[in-house]
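To start, the structure itself, in structure tokens.
Taken together, the values in this text are just the output of simple stated rules run on the coordinates, not laboratory data. These numbers were taken from a predicted model, which means no experiment stands behind them. A quick note on method: Cβ atoms are made from the backbone with ideal geometry, for glycine too, and the neighbour counts reach across all protein chains shown.
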Amino acid sequence: MSDTICAVSTAPQTAALGVIRISGPQTFSILLPLLKRKNGAAPEAEPGRATLCRIEADGELYDEAVVTFYRAPRSYTGEDVAELSCHGGLYVLQSVVRLLLQRGCRLAEPGEFSKRAFLSGKLDLIRAQAVIDLIEATSRAEQKNALSQLEGGLSRKISAVYDRLVELNTALLAYVDFPEEVEMPEEDLLSELRALDDALSALIAGSDRGRLIREGLEIVIAGTPNAGKSTLMNQLLGYDRSIVSAIPGTTRDTVTESCRLGGLKCHIADTAGLRDTDDPVEQQGVAIAQRRAMEAAVVFAVFDGSRPLSQEDRNVAEKFGGDRNLAVINKADLQQEIDKKYIYSKFKHIVEISAKTGDGCEALDQWVRQEFTAEDQREEGFITSISQAQRLIEGRRHLRQAIDGLVQGFTPDMASLDLTEAAAAVGEVTGQTVTEQMIDQIFSRFCVGK
Ligand SMILES: Nc1nc2c(ncn2[C@@H]2O[C@H](COP(=O)(O)OP(=O)(O)OP(=O)(O)O)[C@@H](O)[C@H]2O)c(=O)[nH]1
Ligand SMILES: [Mg+2]
């Protein structure tokens, strides 16, 4: 990795500032001749200090920029690095980049700065993923999870599993190679392997939560016509997205929108009111509503509190009752006629609100927080990438094969093969055992300049 790369690290749009990043062994030799302080002197390339400089070449002024130098290995990439905070005009930035290219830099590929950080041991793959997650975060839960992962606790946990797998495998191999001299530590070995199985299982279980944080929670608002589903949708979004009217059967197509509830990204679908109807168009809407609600992670089942329960309301309660979904008794601002006891007998979670006035609606936010994010206090964060979770599952499968083999009295060299596979799979998650192709694939998902 001998060349020196540069790129604009900020978004390609006009802004007050734009940052150009340079990394590589020639960072200083390329950049310093182009920089002058206000008094005409060359800047001292003192690491970590920001210096206001003019960028000049051949008597031409390109920009005034605040330049920060970092010396290898104490930089993001582990190489010599400089960051130029230029004026954020696209033309200005491009002209400075062009100048740097003329003087010997190469334009960085997407993610190349982070890839260099990985290759120099500054960033493992979990934390690289966390950098992507942080940049792409659209909710507090995502932001928090990515920052927790950047702290490195999750990486350390997974690395520890990998290291222990390798150690135990080495012990096992010693026994295979020198059965007379080395004692087979059978019981200890088994209990250690089972502890690793538990550790992997905890990480895998956490990845479901990680995925939820990254991908968001699918919520479907369902209920009979006129219960106030569209009013609730609009109330949650904070603007009028769905048509509301006093005519039952208003919503037909499913209306979907994303918002945040309880700090979590949520995808909410407002659906057609569930009832028997002769109208063929409405029938289609009802069929779609039913299907969406059955597939959703969570249903908000809305009931009109101001009228007695109809048979159709009872069907909704039968279908979506239980402990997973939330019953929303709506229109709390009106005289209540609904049989609340019945609703409380069918659902574990119930809120009473007025979607129209907004009264009580914070309870939905709290419910999502309590059900889906309260546990997220796990300090090290959760794995969010599906492929990383799959590698852990793969690792656990091999580990379990090794355990089964040892329990059933197969020869230890079989178990050792399984442990080798298990370690390889787990090591791929942090990057301890990855191929070059995998590395390229991972870092190409980054944007240019990162
Ligand atoms: N007083 C009162 N009226 C409400 C409340 N929520 C909804 N409404 C009224 O109830 C009627 C139906 O509301 P919608 O939100 O369109 O009901 P919906 O469940 O989407 O109905 P469909 O789309 O026909 O299935 C409208 O006239 C709303 O203004 C509420 O909390 N209080
Ligand atoms: Mg509606």
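Some notes on this structure:
- Cα centroid separation, the range 45-69 to the range 426-450 (Å): 33
- Largest first, the extents of the alpha carbon coordinates of the range 219-377 on the three principal axes equal 50, 32, 28 Å.
- Computed on the chain, with alpha-carbon pairs under 8 angstrom and 6+ residues apart, the relative contact order is 17 percent.
- Selection from Y175, I132, Y162, by position along the positive dipole direction of the range 126-188 (Cβ): I132
- With at most 16 neighbouring Cβ atoms within 10 Å, loop GluC sites (Glu not before Pro) (DSSP) excluded, longest segment of the chain: 184-336
- Taking the chain as a whole, the Cys residues whose C-beta sits 4.7 Å or farther from every other Cys C-beta are C53, C86, C259, C266, C361, C447.
- Counting neighbouring Cβ atoms within 10 Å and putting the fewest first, the residues S23, S148 line up as S148, S23.
- Each principal axis of the Cα cloud of the chain was evaluated for its coordinate range; sorted largest first, these ranges are 81, 77, 35 Å.
- Dipole of the range 295-384, positive end: most advanced residue of A297, A327, A317 [Cβ charges, Cα centre]: A317
- Given the chain, longest segment not containing exposed loop chymotrypsin sites (Phe, Trp or Tyr not before Pro) (DSSP; at most 14 other Cβ within 10 Å): 1-238
- In terms of distances greater than 30 angstrom between alpha carbons, the cross-link table entries K38/K122; K38/K115; K265/K450 yield K38/K122; K38/K115.
- Relative contact order of the range 1-112, taken over Cα pairs closer than 8 Å and 6 or more residues apart, is 33 percent.
- Cα centroids of the range 254-320 and the range 391-424: 47 Å apart.
- Just so you know, the Rg over Rh for the range 5-124 is 0.95, from Cα atoms, with Rh as the Kirkwood radius.
- Magnitude of the charge dipole, the range 84-159, Cβ model with Lys/Arg +1 and Asp/Glu -1, debye to 20: 240
- Alpha-carbon centroid distance for the pair the range 183-235 / the range 160-181, whole angstrom: 33
- Relative contact order (%) - the range 49-108, alpha-carbon pairs under 8 angstrom, separation at least six: 24
- The local environment of Y91, defined by Cβ-Cβ distances under 12 Å, has a net charge of 0 under the rule Lys, Arg +1 and Asp, Glu -1.
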